[in-house]
Amino acid sequence: MEKKVKVKKEINVWYALLTLTIMIGAMLYTVVKLQQPPHLPLLIGTTVAIIITLAHGYRWEEVEEMMYKGIRHALPAVVIIMLVGLIIGAWIGSGVVAAMIYYGLKLISPTYFLAVVVIICGIVSLAIGSSWSTMATVGVASMGIGMSMGLSPGMVAGAVISGSYFGDKMSPLSDTTNLASGLTNVDLFDHIRHMFYTTIPGLIISLIIFFVMGQMYGSDHLEQQKIDTIMNGIQDAFVISPWLLLIPLIVIIAVAFKVPAIPAIVLGIVLGFFTQIFVQGDTLVNAVKVLQTGFTIDSGNKTIDELFNRGGLESMFYTISLTLVAMTFGGLLEYSGMLKALISVVLKFAKNTGSLIASVIISCVGTNLSCSEQYISIIVPSRMYVSTFIDKGLHPKNLSRALEDGGTLTSVFVPWNTCGVFIFTTLGVSVSQYGPFAILNFIVPIISIIYGFTGFKIVKMSPAEKSYYQQQEATN
């Protein structure tokens, strides 16, 4: 008897919405009501997606491959996450973070601290092209300084995130910047220049707001006795010297000379490891232990213990596991066609330039919510919208800018997105705490949508450019 072959059917938008609704409903109940991690809701969503995909004629082997493809997207992020855990441990054990906090408390006033954090994180991230590496190093130190000054952890984290994502977004070394320009066939530096029009106003607005917030914490609010106690405690626990600041400087210089991010981070880990042994006078056993399980200190001062008891490879296992679970779900949504079905519906409402730009940003936000990964929030909408932009005579750099405005920046607002999880693990602050203060990250998408509806800095193509990009798309 001849075996009956299942015919694959296209998964329509209603099944895609059902999958998302069940996952988000389970997520809200588990995270908000039960206050439990988001792993299980994502697995529930994955299970629903598997059932729907199998019911539409896909074989189990194909479904399995969709999940593996999603996980493969996450592997570069997993490597970075592991290295970040190591560098936090190494830089705390070596006294680098302690030196940053010590000199920061000595030199920076709370009045302008938040604005300074945005600028410093922006410069470092611009130089190294990585918001994650910036948050894990300068960001961790900034959190320590700010909390020692009595500033809200959410405010400080918001300043760290705003600065880090500004630099990441505008850096030619950034993976998301290269990804957005590459997928839309836009020259990298044309893409960066076009982003200036939305990102620089967003940065200026952020700096003004952070400066105004800083006025609430002038010298009258400064608990100098508490700060003196912390500085004395840091000196008791670590050897403090400005020479320790050479380690982050060396890493920044290495990246400036085009050393890739991963070898540069490894260089920082190695320098921190040996500094812990030869400068701080710790044992080889303890230095290895710090890399594995993180730095631990019992100083008798609760604030100091909270500042420095962190880092290590094991501290990142939660983040890694959530990343893998999220990308399993994201892979199913993308490769089964569910995500395409959702974005196609959104595309039907894009009747003019403003609604088209808004649709791109909404699609990026939706992809961040559903697939939990900022790379997918750039990849999928880019392929869905590029032909529409070209057909309407809109230069693809309008699309590449919208992809970063909507995809890269909004990833931090999703607690189960890899970026949201990373920030929580690294800075110790939840989305609900830092969300209102990640000013650049929500201001820039709004500016981008306003430009779309007003036509300001929206570039049209000449007939020759349109023909060129149509040929490019035809060969892709």
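Throughout, read-outs are computed from the coordinates displayed, never taken from laboratory work. Only a predicted model underlies this, so the values are computations on that prediction, with no experimental measurement involved. Please note: Cβ atoms are built from the backbone with ideal geometry, for glycine as well, and neighbour counts cover all protein chains shown.
For this structure, a couple of remarks:
- Modelled FRET efficiency - R0 35 Å, D190 with I250, Cβ distances, 0.05 increments: 0.60
- Nitroxide proxy distance, nm - points 7 Å out along Cα→Cβ at K348 and S430: 3.8 nm
- With an a/c value of 1.5 or above and a/b not larger than b/c for the gyration tensor axes a ≥ b ≥ c computed over the alpha-carbon atoms, region 9-60 is described as oblate.
- Cβ crowding within 10 Å averaged over residues, with 31-37, 149-155 ranked highest first: 149-155, 31-37
- Vicinal HN-Hα couplings computed from phi for region 179-188 (Karplus, 6.51 cos²θ - 1.76 cosθ + 1.60; Hz; Gly/Pro x): 5, 5, 6, x, 5, 9, 6, 9, 4, 4
- Alpha carbon centroid spacing (whole Å) that separates region 62-87 from region 239-308: 26 Å
- Checking the Cα-Cα distances for K33/K289; K9/K340; K258/K457; K351/K466; K340/K397; K69/K289 against a 25 Å cut-off, the pairs over it are K33/K289; K258/K457; K69/K289.
- Cα→Cβ-extended label distance, 7 Å offset, between L34 and Q470, nm: 5.5 nm
- Extension gain from F211 to N178, taking 0.36 nm per residue of separation minus the Cα-Cα distance: 8.7 nm
- Near the amide H of K460, within less than 5 Å, lie the amide hydrogens of H395, all on another chain or at least 5 residues away, with H placed in the peptide plane.
- Taking 0.36 nm per residue of separation and subtracting the current Cα-Cα distance, fully stretching the chain between T388 and T283 would add 31.7 nm.
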